[in-house]
Each structure stands twice: as structure tokens, then as C-alpha cells.
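Some notes on the structure that comes next.
Just so it is clear, none of the values below were taken in a lab; they were calculated from the coordinates. Please read all numbers here as calculations on a predicted model, not as lab measurements. Here the Cβ is made from the backbone with ideal geometry for all residues, glycine too, and neighbour counts use every protein chain on show.
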Amino acid sequence: MLRFEKGELRDIAISVCVLAVAVSGMGPDWRGVIVGNLATVSLSLALGFFGHEMAHKAVAVRYGYRSYYKMWTQGLFFALLIGIASSGRFLFAAPGAVMIQARHTTAEENGKISIAGPLTNLGIAALFYPLTFFPGLVASIGGFGVFINLLLALFNYLPIGPLDGRKICSWKPKLGIGMLVLRDLMMFFET
């Protein structure tokens, strides 16, 4: 059972809301469809973001580590600024992360904690995919659900800095490359 620290759910909710506005299309090219766009993006973004971060947390807790989500205010502000300036067409987001407190983690533990988030996004994208075959708003929600979850996996698989991809490749380089190929295949078939 996951337990949440004081302020953790608030930080997650703020992060989801800021990211939803950032990708909603609000900005210079806004066409007045903000409510429809927010409805379309909010569910899939909330599930993808929350699922990704909670997967990290769950695996860390399983190893006996204290873990909690902490938003990064400057990263959220930057995401909002870029999202609004580009009317949601471009987003570089660093909204926060699950912080893990442990004396020492092995490369394997760190790799497994790291891969849990992107794998969750691939699974959520697969769950949204059947919705794309329905008409109207359901197809829009499904399409954005697939898109945003593949985007979250894509971004987090980058083997740079503090992103999940670097930790996965440090643990098992072949697995990291295999996950990149799987993600690329899913993106190919999604388009």
C-alpha cells in the first residue's frame, strides 16, 4: 500500500493541472476551445503522469526506500510558459520527480525503479489505443491518451541527465536500447 507524505498529493495535483493547461492549446493561437481541449487532455495526462510517478514510488517502496513526489516550481513555470507561448505545440517539462531516500541503491535497483515509469506509460498508451476507434470526443481522448503517454515514455527514455533512460542504460544497456526500439515501434504504429 502506497502512503503519501504531507503535501505530496497536492504537488501531484498542481503538476497535472499546470501540464494540462500547458498542452491545452491556450496561447497566441488560441481558438476558444480551451474547455474542450482541457477535457480531452486532462484525463489522459492525469493518468499518464500519476501512473508514471506512482510506478517509480511503488518500486522504490518495495525495496524499502522512502519515496515521495516533489514538484519543482521553476520547472512547472517553465513548462507553462513554453506551453502557452507555443499554444501547446511544444512542451519541455520538468514538473518534479519522485525523490528516493536511501543510503545506497544498486544499479539494478535504480534501473528497476527507473524503468517502472516509462513501462507504465507504454501500458497506459496501449489501454487508450482502442478508444481511437470510437467517434468524436472518445476518439480524441483516446488519441491524446496514446500520444501523451508515448511522449512521456519517449522523453523519459532519453539517456541523459537525471532522466530514467540514463539509469536504465547504466543498469542494462541492451535493455535501454530495446525499450527505445519498442517505444519507436509503438509511435510508428500510432501515427
* To do: Note the angle between two axes, namely the Cα long axis of helix 173-190 and the longest principal axis of the Cα atoms of the chain, as a number of degrees from 0 to 90, rounded to the nearest 10.
  => 20 degrees
* Would you calculate the volume per residue, in Å³, of the smallest convex hull containing every Cα atom of the chain? => 117 Å³
* Relative to the first principal axis of the alpha-carbon coordinates of the chain, what is the inclination of helix 136-157, with its axis defined by its Cα atoms, in degrees from 0 to 90 and to the nearest 10? -> 40 degrees
* Asked: Using a basic spin-label model with each label point 7 Å from the Cα along Cα→Cβ, how many nm lie between Gln74 and Val138?
  -> 4.6 nm
* Considering the alpha-carbon set of region 60-115 alone, what are its Rg and its Dmax in angstrom? -> 15.2, 43
* **Net length gained if the chain between Arg3 and Arg62 were fully extended (0.36 nm per residue, minus Cα distance)** => 20.0 nm
* To do: Take every Cα pair under 8 Å in the chain that's 6+ residues apart, average their separations, divide by the length, and report that relative contact order as a whole percent.
  => 22 percent
* Asked: Along region 106-121, what does the Karplus equation 6.51 cos²θ - 1.76 cosθ + 1.60 (θ = phi - 60°) give for ³J(HN,Hα), rounded to whole Hz, x for Gly and Pro?
  -> 7, 4, 5, 4, 4, x, 5, 4, 5, 6, 4, x, x, 4, 4, 5
* Give the long-range amide H neighbours of Arg66: residues separated by 5 or more places, or on another chain, with amide H under 5 Å away, using H modelled in the peptide plane at 1.01 Å from N. => Gln101
* **Length-normalised contact order of region 97-191 in % [C-alpha pairs under 8 Å, at least 6 apart]** => 29 percent
* Of His104, Pro130, Trp171, which is farthest on the positive side of the dipole of the chain, counting Cα position, with +1 on Lys and Arg Cβ, -1 on Asp and Glu Cβ, and the Cα centre as origin? -> His104
